[in-house]
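Novice: Okay, here's the structure, questions in a sec.
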Amino acid sequence: MSTHAVLLLAALSVMLALAASATSLLASREPRILRLIAMPLIGFAGLAAVAAGLAALILGGSVTTTLPLGLPWMPWHIRIDALSGLFLLLIGLVTSAIGIYAPAYVRDFERGRDSLTALGGFTGLFLTGMLLVVLADDAFLFMVAWELMSLSSYFLVAFQHENAANRRAAFLYLLMAHIGGLAILLGFGVLAAFGHGFDFASMREATLSPGWASLAFALAFLGFGMKAGLMPLHAWLPEAHPAAPSHISALMSGVMLKVAVYGFIRVVFDLTGQLQWQWGVVLILIGSLSALMGVLFALMQTDLKRLLAYSSVENLGIIFIALGLALVFLSTGHALLGSLAFVAALYHAINHALFKSLLFLGAGAILHSAHERDLEQMGGLLRRMPWTGSFFLIGSLSISALPPFNGFVSEWLIFQAALQAWQLDSGVLRSLIPIASAVLALTGALVAATFVKVYGIAFLGQARSRHVRHARQGALGMRVGQGLLAALCVLFGVLPTQIIGLLEPVSAQMLGTGLPQAGAQGWLWLTPISSETASYSAPLTILLLALIAGIAFWWFVRRAPRRMRRRDPWDCGFAPPSPRMQYTATAFAQPMRRVFGMLFEIDESRPAFDDAAPRYRLKLTDRAWGLLYLPVMQAVEAASRRVVRLQSGNVRVYLGWTLATLLVLLWIIS
Amino acid sequence: MIYSWLIALFQALLYVALAPLLIGWVRKVRARLQNRRGAPLLQPYADLRKLLIKEIRVPHTASPLFRLAPYIVFVATWLAAATVPLVALDLPIAQIADIIVLVGLLGLARFFLALAGMDVGTAFGGMGASREMLISALAEPAMLMAVFTLAMTAHSTSLVSVMSHHLADGFLLRPSYLFAFGALVLVALAECSRIPVDNPTTHLELTMVHEAMLLEYSGRHLALMEWASQIKLLLYGVLIANVFFPWGIGQDFGLLALGIGLVVVLLKLAVLGLALATAETTLAKMRLFRVPAFLNLALLLALLGLLSHVILEVGA
């Protein structure tokens, strides 16, 4: 297979995504087109992207081409290297699953009043945008694709616009996306000025002074970090992601955030050249903040989709911690360790794409059949929806970083990288990195608490409302879509050596160093640095777990008497418990709310003892709003109130201002 | 190769076999300290046997997960234990999982334990699960920090390397080890649901944590859950005994070395059991919201250990 096949497959993927968009135009006349043609086309686009990504990773090297589109003197450059290949693979895997899932999911909307054309059309454009960001090899195409991605996802967030909260969320998203886009554009401006060209090849050649490089880094971090939802610029994310239809939430949380990670890696690791360790420190600090605060907010949520969105903030924090470690190690000359942290970041990115999409699809399945997003109304869904329940369990175990699932492997790799901090010369870094790994450990434990809460409240126990009690199993396509992602979660957890073999070309191409030791002891053993330093064998862990479980089961079930009787719950001998007596999601999080209370703004009112109709009210607000967003908003409002004075309604005054501006601009240029 | 795997298997079985003995010993010592005669030393074995042959009663409201959980909890705990060197040092099974995987396997067990608590849909189960997750969320970072201190000293996260490093060092008193030791002891008390964090003998509704999650279990399910928690106690005991005082552990697979290793580890565990029983007799259980302060102390000790290692010992 030649390298041209990679290009053709990628082009096919983009074409299919555009075709999905185009066919959706007819959906306003014939609603079934969305379900029968547009959504499957999205799935095929995903498959083509998977093929392109795998081919690029396996063949290695890079292919470039130019498209006869764009500005006359600046055709669009396309380049697929290992990094693009990996992210094509990531986009493709999730999109394929969504292509299977979505037809059944969008069926609900056929009866609604919302425009199906908008849903299908913008989904296709959204996917096109993400694919083109990954393929772009010049700043111009990159920005066009980036804005296409941002704008089309804005329309998807605003899809159910009758709801005022959705409109508000969409506007906030649009605003933040544009501030971020502006920062990225300025960052490219810095690079282009030194590289004398907007294509990435000339930016790579440029040599920047440390000051300018740091400025480019800061702008890129601001722009991509805002899109990735890093604290404290995360406020849009928990509003926007839950507002979109669930399969779009999966695409946004699972894939779009990764595209931001891709952009960051591309600009910082590939284009800016000389890396500086101070950047790594910034990433580690902001990443730790996002990870910890993200999971604490997730733990406090009772809306399932909002909870998942906050958990995305946490996972992106983890990815950026790993990238920060990579920066620190690379800039201090520890190429192998830098490569380890870099691979860990990529591994976690792809893991998060898989399990977060899986969880969002699960939340969508619940929404579809029980019409419920509020955890406080759920309960007992495992028995109503056994397939969704089982897949959601796999997703929960994966995201909680428990062996032998995929989340564990990437966090294990990050810990292994962090534990090599003793090799650094600077005492500050040697102390900072272990403390960051303490934060990571705390985060991991809190994630487990969060997902025990989610799974225990939603899928176990008894139903807390009538419509949840009568929830029905989702359609076959929805189950298969989730099953595919769940299988991938298990696969990526059990075969880490092979997956790292797949990721290694990226690190080898970007950083010049792979992980030669990772699979040196055979496919069974994952030994990132050397077999003396650390080893983990996921296949053997699985094998032994299964073996012991089999023996234990045989011993206890076959040998021991099989009598078993059903009875009422004992519950310390009280009356048979009713669903209302169960622990609620709010109650579950109460101890953590008390322990970490100083980090939130809590407005709580308890009923009085003699209250006839007691009501408990709890409002938990993000402190970031009061500390960052409201002051900025007020400042903008105050400034605009001043500017309004110019608006006299007199045309001559306006013309005067125009002329004055023109003169000032001419004076600046000359 | 085969021989070493056989020894690993023997050691894994030893964990299952010895776990009830340790708990029996702790109970016996505690009874004597409280001027009671106490149950026989082998009572926990009899209890397990009784539970194993008893009929199982499962609540109407339970899902399949309720019946699956005891097996997963037991197996994950056992596998975690099997990777900790008990009588011999360089076993092949220790390569499967390093310290982080060990913490992960214990996390897997805890995840299913908490889910099982919530499955029936009673108030107590949810309460137990919520509290357990709070305690573990605070204990796990302290635990990882403590083992990271050891791992950074030995430049390896493998328990075997950590122990060999310590053995090769001789009796060298490192400040970081002292801090890590303190932290690990506090974490072990919390993770094994012992006084002062939780009271394993209580069935008073509002104070129980671990017991609240097991409230609906009976028969062999309960036996597996109890056994798993006994293995966990033994695991932490061995971890503390063999990591901080590795002397005596068998360094080759000769019968003499293994025999000495077994006797020595039993002696160490007896001393630890004595200390645990004494502590449980003299201390009172804390209120739930005092536990975070207790575990923060553990985290602080662990961090001090890590920092003293990074600052004092790396350059030296």
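Novice: If the requirement is being touching a Phe, Trp or Tyr at 6+ places or on another chain (Cβ under 9 Å) and surrounded by fewer than 21 Cβ atoms within 10 Å (Cβ to Cβ), which of these qualifies: A:72, A:31, A:40? So that I can check it myself, show each step before the final result.
Specialist: Details: A:72 fails: touching a Phe, Trp or Tyr at 6+ places or on another chain (Cβ under 9 Å); A:40 fails: touching a Phe, Trp or Tyr at 6+ places or on another chain (Cβ under 9 Å).
Answer to the check: A:31.
Novice: Would you check which residues across region B:89-129 are under 16 Å from residue A:400 (Cβ atoms) and of a type in the set (Val, Ile, Thr) and list them?
Specialist: B:100, B:101, B:103
Novice: Run down A:52, A:104 and say which single residue is open to solvent by 10 Å² or more (accessible area, probe 1.4 Å) and touching a Gly at 6+ places or on another chain (Cβ under 9 Å).
Specialist: Every option except A:104 fails the conditions.
Novice: How many of the residues in region A:522-532 are farther than 18 Å from residue A:410 by Cβ and either surrounded by 20 or more Cβ atoms within 10 Å (Cβ to Cβ) or modelled with pLDDT of 75 or more (or both)?
Specialist: Qualifying residue count for the region: 0.
Novice: From the list B:261, B:305, B:248, B:237, pick out the single residue that is open to solvent by less than 50 Å² (accessible area, probe 1.4 Å), over 30 Å from residue A:592 (Cβ atoms) and assigned to a helix (DSSP H, G or I). Steps first, please.
Specialist: Working: B:305 fails: over 30 Å from residue A:592 (Cβ atoms); B:248 fails: assigned to a helix (DSSP H, G or I); B:237 fails: over 30 Å from residue A:592 (Cβ atoms).
Exactly one residue qualifies, and that residue is B:261.
Residue-wise test of (1) closer than 17 Å to residue B:230 by Cβ; (2) away from every other protein chain (no Cβ under 14 Å); (3) in contact with a helix residue (DSSP H, G or I) (Cβ under 8 Å, 6 or more places away or on another chain); (4) acidic (Asp, Glu).
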position	(1), (2), (3), (4)
B:18	yes, yes, yes, no
B:48	yes, no, yes, no
B:52	yes, no, yes, no
B:60	no, no, no, no
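Novice: Take the residues in region B:68-98 that are more than 21 Å from residue B:232 (Cβ to Cβ) and within 11 Å of chain A (Cβ to nearest Cβ); name whichever of them is surrounded by the most Cβ atoms within 10 Å (Cβ to Cβ).
Specialist: Here the answer is B:95.
Novice: Just checking, how many residues over region A:15-54 are within 23 Å of residue A:153 (Cβ to Cβ) and not in a helix (DSSP H, G or I)?
Specialist: Just the residues of region A:15-54 that are within 23 Å of residue A:153 (Cβ to Cβ), to begin with: A:15-28, A:31, A:33-35, A:37-50, A:52-53.
Remaining after also requiring not in a helix (DSSP H, G or I): A:31.
Qualifying residue count for the region: 1.
Novice: A follow-up question, please. Which residue is nearest to the other protein chains (Cβ to nearest Cβ), if the candidates are limited to region B:142-166 and must be open to solvent by 30 Å² or more (accessible area, probe 1.4 Å) and in a helix (DSSP H, G or I)?
Specialist: B:161
Novice: Could I ask something else about it? What are the pairs with Cβ atoms under 8 angstrom where one residue, in region B:24-40, is farther than 14 Å from residue B:276 by Cβ and the other, located anywhere, is assigned to a loop (DSSP other than H, G, I, E, B)? Sequence gap at least six, or different chains.
Specialist: Close Cβ pairs (under 8 Å, with a partner that is assigned to a loop (DSSP other than H, G, I, E, B)) do not exist here.
Novice: Which of the residues that make up region A:55-69 are outside any strand (DSSP E or B) and surrounded by fewer than 16 Cβ atoms within 10 Å (Cβ to Cβ)?
Specialist: Matches in region A:55-69: A:58, A:60, A:61.
Novice: When you scan region B:119-129, do you find a residue that is surrounded by fewer than 24 Cβ atoms within 10 Å (Cβ to Cβ) and more than 7 Å from chain A (Cβ to nearest Cβ), even just one?
Specialist: Scanning region B:119-129, I find no residue that is surrounded by fewer than 24 Cβ atoms within 10 Å (Cβ to Cβ) and more than 7 Å from chain A (Cβ to nearest Cβ), so the answer is no.
Novice: Against the condition open to solvent by 10 Å² or more (accessible area, probe 1.4 Å), over 21 Å from the mean Cα position of the chain (by Cα) and either facing chain B (nearest Cβ under 7 Å) or of a type in the set (Gly, Ala, Ser) (or both), how does residue A:427 come out, does it pass?
Specialist: It is true that residue A:427 is open to solvent by 10 Å² or more (accessible area, probe 1.4 Å), over 21 Å from the mean Cα position of the chain (by Cα) and either facing chain B (nearest Cβ under 7 Å) or of a type in the set (Gly, Ala, Ser) (or both).
Novice: I need every pair where a residue in region A:570-585 that is over 20 Å from residue A:457 (Cα atoms) and within 7 Å of chain B (Cβ to nearest Cβ) has its Cβ under 7 Å from the Cβ of a residue that is open to solvent by less than 40 Å² (accessible area, probe 1.4 Å) and in a loop (DSSP other than H, G, I, E, B), sequence separation at least 6 or different chains.
Specialist: A:572/B:215
Novice: Report, ordered by the first and then the second residue, all pairs with beta carbons closer than 9 Å, sequence separation of six or more or different chains, a first member in region A:418-445 that is within 17 Å of residue A:283 (Cβ to Cβ), and a second member that is among the charged types (D, E, K, R).
Specialist: Short answer, once both residue conditions are applied: A:421/A:430; A:424/A:430; A:440/A:411; A:443/A:314.
Novice: Same structure, new question: Here's a check for you: in region A:586-628, which residue that is among the polar types (S, T, N, Q) and more than 14 Å from chain B (Cβ to nearest Cβ) is nearest to residue B:134 (Cα to Cα)?
Specialist: Out of the qualifying residues, it is A:621.
Novice: Now for a different question. What is the residue count in region A:359-395 for residues that are more than 14 Å from chain B (Cβ to nearest Cβ) and touching a strand residue (DSSP E or B) at 6+ places or on another chain (Cβ under 8 Å)?
Specialist: Within region A:359-395, residues that are more than 14 Å from chain B (Cβ to nearest Cβ) and touching a strand residue (DSSP E or B) at 6+ places or on another chain (Cβ under 8 Å) number 2.
Novice: Continuing with this model, one more query. What do you reckon, is residue A:462 assigned to a loop (DSSP other than H, G, I, E, B), within 14 Å of chain B (Cβ to nearest Cβ) and within 25 Å of residue A:415 (Cβ to Cβ)?
Specialist: The answer is no for residue A:462.
Novice: Working carefully through the options A:286, A:248, A:321, find the one that is in contact (Cβ under 8 Å) with a residue 24 or more places away in the chain and open to solvent by 10 Å² or more (accessible area, probe 1.4 Å).
Specialist: Values: A:248 fails: open to solvent by 10 Å² or more (accessible area, probe 1.4 Å); A:321 fails: open to solvent by 10 Å² or more (accessible area, probe 1.4 Å).
Unique residue meeting the criteria: A:286.
Novice: While we're on this one: Answer with yes or no whether residue B:102 is touching a residue at least 40 places away in the same chain (Cβ under 8 Å) and more than 7 Å from chain A (Cβ to nearest Cβ).
Specialist: Criteria met by residue B:102.
Novice: Of the conditions (1) without any contact (Cβ under 8 Å) to a residue 24 or more places away in the chain; (2) more than 9 Å from chain B (Cβ to nearest Cβ); (3) of a type in the set (Lys, Arg), residue A:472 fails just one. Which one is it?
Specialist: Condition (1) is where residue A:472 drops out.
Novice: Could we say that residue A:165 is more than 25 Å from residue A:235 (Cβ to Cβ) and touching a helix residue (DSSP H, G or I) at 6+ places or on another chain (Cβ under 9 Å) here?
Specialist: On the way: more than 25 Å from residue A:235 (Cβ to Cβ): no; touching a helix residue (DSSP H, G or I) at 6+ places or on another chain (Cβ under 9 Å): yes.
No, not satisfied.
Novice: Which of the numbered conditions does residue A:506 fail, given that it passes all the others? Conditions: (1) open to solvent by less than 30 Å² (accessible area, probe 1.4 Å); (2) at pLDDT 75 or above; (3) facing another protein chain (nearest Cβ under 7 Å); (4) out of contact with any Ser or Thr (no Cβ under 9 Å at 6 or more places or on another chain).
Specialist: Among (1) open to solvent by less than 30 Å² (accessible area, probe 1.4 Å); (2) at pLDDT 75 or above; (3) facing another protein chain (nearest Cβ under 7 Å); (4) out of contact with any Ser or Thr (no Cβ under 9 Å at 6 or more places or on another chain), the lone unmet condition for residue A:506 is (3).
Novice: Let me ask something else. Those residues that are within 7 Å of chain B (Cβ to nearest Cβ) and of a type in the set (S, T, N, Q), I need them from region A:396-415; list them, please.
Specialist: Once the filter is applied, which keeps residues that are within 7 Å of chain B (Cβ to nearest Cβ) and of a type in the set (S, T, N, Q), region A:396-415 yields only A:400.
Novice: Checking residue A:353 against (1) open to solvent by 10 Å² or more (accessible area, probe 1.4 Å); (2) more than 10 Å from chain B (Cβ to nearest Cβ); (3) part of a helix (DSSP H, G or I), which test does it fail?
Specialist: For residue A:353, the failing item is (1).
Novice: Name the residues in region A:559-582 that are in contact with a Lys or Arg (Cβ under 9 Å, 6 or more places away or on another chain) and either surrounded by 15 or more Cβ atoms within 10 Å (Cβ to Cβ) or modelled with pLDDT of 75 or more (or both), would you?
Specialist: Within region A:559-582, A:560, A:564, A:565, A:566, A:567, A:570, A:579, A:580, A:582 qualify.
Novice: One residue is enough: does region B:174-193 have a residue meeting the conditions part of a loop (DSSP other than H, G, I, E, B), under 17 Å from the mean Cα position of the chain (by Cα) and modelled with pLDDT of 85 or more?
Specialist: yes
Novice: What are the residues in region A:136-149 that are open to solvent by less than 10 Å² (accessible area, probe 1.4 Å), in contact (Cβ under 8 Å) with a residue 60 or more places away in the chain and assigned to a helix (DSSP H, G or I), if any?
Specialist: The answer is A:139, A:141, A:142, A:146, A:149.
The values are calculated or read from the model by the stated rules, or taken from the named source; none is laboratory data. These numbers were taken from a predicted model, which means no experiment stands behind them. Positions of Cβ are generated from backbone atoms using ideal geometry, with glycine treated the same way; all protein chains shown enter the neighbour counts. The area values use the complete protein model at the heavy-atom level, side chains included, leaving out ligands, DNA and RNA. Shrake-Rupley method; radii C 1.70, N 1.55, O 1.52, S 1.80 Å.
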